[in-house]
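Engineer: Pasting in a structure now, in structure tokens, and then I'll have a few things to ask.
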Amino acid sequence: MAVKKPDNLSFEEAMQELEQIVADMENGSLPLDQALKQFERGIKLAKASNQKLQQAEQQVAILMGEGEQAQLQPFENEA
């Protein structure tokens, strides 16, 4: 099975994979090269998850500020 890009995973899928990476790395049994690859994947997953969380927070803020008539706007990350 092909590995999905972090941006194509749901927030929950990304967090689950990130938890597994952390557990594998804490175990200490990964060779150095594989540990570095897992670390890099973990950073990408964390960034993608953070972006999705920011988008959700923006949507909630819009809804809370404008009530039921609020229109959601696409989130544009300045990074």
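Engineer: How many of the residues in region 1-36 are in a loop (DSSP other than H, G, I, E, B), more than 29 Å from Glu76 (Cβ to Cβ) and either open to solvent by 100 Å² or more (accessible area, probe 1.4 Å) or touching a Pro at 6+ places or on another chain (Cβ under 9 Å) (or both)?
Structural biologist: 1
Engineer: Tell me whether region 37-45 contains one or more residues that are of a type in the set (S, T, N, Q), open to solvent by 60 Å² or more (accessible area, probe 1.4 Å) and part of a helix (DSSP H, G or I).
Structural biologist: no
The values are calculated or read from the model by the stated rules, or taken from the named source; none is laboratory data. Because the structure is a prediction, the values reported are computed rather than measured. Glycine also receives a Cβ, built like all others from the backbone with ideal geometry; neighbour counts cover every protein chain displayed. Heavy atoms of the whole protein, side chains included, go into the accessibility calculation; ligands, DNA and RNA do not. Shrake-Rupley method; radii C 1.70, N 1.55, O 1.52, S 1.80 Å.
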